[in-house]
Amino acid sequence: MITLKIKDLDKVNERVGENNLLITCSNCPYWNYSRETVDEIAGKLNAGIYNVDRICEREAIIVDVLDYDSVLVFSCGAGTQVISEVLDTEAIPVADTYALGVRFGEVIRTYCQACGNCILDQTAGLCPITRCPKGLLNGPCDGMQRGMCETGEHSCIWALIFRRMEKKHKLDDFLKINIPPVGRK
């Protein structure tokens with residue numbers, strides 16, 4: 001699921017009027033934050049809330065925004081752009097799209113940066129670009145100790161890749177990994 005990070009609401013507040021509308025997508029904001037948090041954001045921004053089931057489905061957006069000073073959007077960056085296009089108005093995002101994440105209880109861990117150059121077929125289905133704090137593409141750094149990342153927060157992704165490839169008898173493939181740097185076109 002897309003992970004979001006709430007912007008500095010004081011800075012957002014500098015751009016809005018007195019009577020605002022916060023358009024939310026039912027998917028990502030509520031996956032990342034509680035309904036209470038979304039209500040608090042609307043309160044801080046002096047905004048009513050209009051919830052769209054899925055902003056990605058453009059035809060679901062039916063709202064009159066003429067009576068509002070500002071239209072705020074709590075969704076991914078694509079959703080903010082869709083709102084702006086469909087309603088032909090400036091749409092102000094209240095969150096930054098961070099990455100794609102997986103929930104572990106109350107914690108969301110980033111698993112994918114949507115870099116556009118997926119290498120999971122070469123790394124036993126585990127992404128070192130996202131899951132290594134340094135984004136290393138050719139094995140672990142020398143900070144890895146006993147399979148743990150030097151941050152001490154989780155296993156080194158390269159140790160996990162190694163173990164998975166060892167289990168599948170593909171260590172020759174592990175030693176061949178020499179992935180070029182990735183970049184967006």
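Quick notes on this structure:
- Applying a threshold of 7 Å to beta carbon distances and a minimum spacing of six or more residues, or different chains, the list of pairs starting in segment 160-171 at a residue that is in the same structural domain as ARG131 (by TED's automatic domain parsing) and modelled with pLDDT under 95 and ending at one that is exposed (fewer than 14 other Cβ atoms within 10 Å of the Cβ) and assigned to a helix (DSSP H, G or I) reads MET165/LEU171; MET165/ASP173.
- Test: residue in segment 141-148 that is surrounded by 12 or more Cβ atoms within 10 Å (Cβ to Cβ), in contact (Cβ under 8 Å) with a residue 12 or more places away in the chain and not assigned by TED's automatic domain parsing to the domain that holds GLU14: yes
- Cβ-Cβ contacts under 9 Å between residues 6 or more apart (or on different chains), taken from a first residue in segment 115-133 that is in contact (Cβ under 8 Å) with a residue 12 or more places away in the chain to a second residue that is surrounded by 12 or more Cβ atoms within 10 Å (Cβ to Cβ) and acidic (Asp, Glu), are listed as GLN122/ASP173; ALA124/ASP173; PRO133/GLU150.
- If you check ASP69, ASP64 for being more than 30 Å from LYS170 (Cα to Cα), acidic (Asp, Glu), in the same structural domain as ASN32 (by TED's automatic domain parsing) and surrounded by 12 or more Cβ atoms within 10 Å (Cβ to Cβ), only one passes: ASP69.
- Among the criteria (1) at pLDDT below 95; (2) in contact with a strand residue (DSSP E or B) (Cβ under 9 Å, 6 or more places away or on another chain); (3) outside any loop (DSSP other than H, G, I, E, B), the one ARG15 does not fulfil is (3).
- The set of residues from segment 56-113 being among the aromatic types (Phe, Trp, Tyr) and either touching a Ser or Thr at 6+ places or on another chain (Cβ under 7 Å) or assigned to a helix (DSSP H, G or I) (or both) comprises PHE74, TYR98, TYR111.
- Within segment 18-36, the set of residues being out of contact with any Phe, Trp or Tyr (no Cβ under 8 Å at 6 or more places or on another chain) and either surrounded by fewer than 14 Cβ atoms within 10 Å (Cβ to Cβ) or charged (D, E, K, R) (or both) comprises GLU18, SER34, ARG35, GLU36.
- Residue in segment 75-86 that is touching a Phe, Trp or Tyr at 6+ places or on another chain (Cβ under 8 Å) and either free of Cβ contacts under 8 Å to residues at least 40 places away in the same chain or surrounded by 14 or more Cβ atoms within 10 Å (Cβ to Cβ) (or both) present: no
- Pick from segment 114-129, criterion among the β-branched types (Val, Ile, Thr) and part of a loop (DSSP other than H, G, I, E, B), ranking: nearest to LEU160 (Cα to Cα): THR123
- Only one entry of THR89, THR123, THR110 meets the criterion of being surrounded by fewer than 16 Cβ atoms within 10 Å (Cβ to Cβ), more than 18 Å from TYR33 (Cβ to Cβ) and either in contact with a Cys (Cβ under 9 Å, 6 or more places away or on another chain) or of a type in the set (S, T, N, Q) (or both), and that entry is THR89.
The values are calculated or read from the model by the stated rules, or taken from the named source; none is laboratory data. Not measured: the values here are computed from a predicted model. Every residue, glycine among them, receives a Cβ derived from its backbone with ideal geometry; neighbour counts consider all protein chains shown.
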